[in-house]
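Each reported figure results from applying straightforward, stated rules to the coordinates on display, with no laboratory input. Keep in mind the model is a prediction, meaning the values are calculated, not measured. Glycine gets a Cβ as well: all are built from the backbone with ideal geometry, and neighbour counts include every protein chain shown.
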Amino acid sequence: MAPRRRRDPAESRAELLAAAAELIRQRGPDNVSLRQIAEAAGVAHGLVSHYFGSYAALVREVLRVENDHMEARVRERIRTQDGVPLAAGIMDVVFDTLADERYLRLFVWAEMHADYRGATRPELVELIDTIEAGIRAALAGRHAPSRSRIEAVVLIGLSAAYGFAVGGRSWLAGLGHDPDDPVHAAEFRIQLARMMGVHMVEESGLEPAG
């Protein structure tokens, strides 16, 4: 147990989130309690409930921080690209995030938890805002894909990427492939990005990019 010391609310909250993230990484979200998180952070048990209300809310906040990191990487990828943001580059960020088993377990737990389903997702709106802004800036006034088309492509990409991260190994094995061979995951990324790129530019008249 970490020793207790005086700290301001922002510091306490940040340390609780860090302790929660580490315990979830070690044990999975089903095997961590608010009391264990409080002990790891060196604060009173009641303080966790004071800041977050419930364990589900705390998990949501840990996931939000992780999603913020992914969004920042997407922003950086768009900023450093020449031309229209490429589906391949954006999906590389998503797949790299999903390669972290801690993040994936956190996401699946949150999605399955009754208190979380149907919650608003400002981070998803911000992610699409980032992609849309990058596309419009790159096209400099030329016809760009509509917001609804961008949203559809992002949802397709996320659904495929998360689905492959959860079930890909079992599906590859079921098809008779070696799930440990990175060639299969790499090919999936390439084909997914290619399909997303075609769908993204279909209504804009642009040539698809990878």
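Taking 7 Å steps out from each Cα toward its Cβ at Ile128 and Val183 produces label points 3.8 nm apart. Inter-label distance, Ala18 to Arg121: 2.9 nm, where each label sits 7 Å from its Cα along the C-beta direction. If you run the Gaussian network model on the chain, springs between alpha carbon atoms under 10 Å, then out of Val183, Val59, Val48 the most flexible one is Val183. The C-alpha atoms of the chain define a longest principal axis, and helix 87-98 lies at about 20 degrees to it. Taking the Cα centre of the chain as origin and assigning +1 to Lys and Arg Cβ atoms and -1 to Asp and Glu Cβ atoms, the resulting dipole is close to 620 debye. Simple rule: put +1 on each Lys or Arg Cβ and -1 on each Asp or Glu Cβ in the chain, find the dipole, and look at Leu175, Leu158, Ala44; the Cα lying farthest toward the positive end is Ala44.
A convex hull fitted around the alpha carbon atoms of the chain yields 146 Å³ per residue. Pairs of Cα atoms nearer than 8 Å and 6+ residues apart set the relative contact order; for the range 64-201 it is 34 percent. Starting at the first residue of the range 159-172, write each ³J(HN,Hα) from the Karplus equation 6.51 cos²θ - 1.76 cosθ + 1.60 with θ = phi - 60°, in whole Hz, x for Gly and Pro. Residue by residue, the range 159-172 yields 4, 5, 5, 5, x, 5, 5, 7, x, x, 5, 5, 5, 4 Hz. The Ser146 and Val65 beta-carbon pair, evaluated with R₀ = 41 Å, returns a calculated FRET efficiency of approximately 0.85. When trypsin sites (Lys or Arg not before Pro) are flagged only if DSSP places them in a loop and at most 13 other Cβ atoms lie within 10 Å, the longest unflagged stretch of the chain comes out as 7-116. Based on DSSP H segments of at least four residues, each scored -39500 (n - 2.57), the chain has a per-residue ellipticity at 222 nm of -24000 deg cm²/dmol. Net charge in the neighbourhood of Leu17 (other residues with Cβ under 12 Å of its Cβ; Lys, Arg +1, Asp, Glu -1) is -3. Given R₀ = 22 Å, what would the calculated FRET efficiency be for Leu104 paired with Ala57, taking r from the Cβ atoms and rounding to 0.05? Once the sixth-power term is evaluated, E becomes 0.60.
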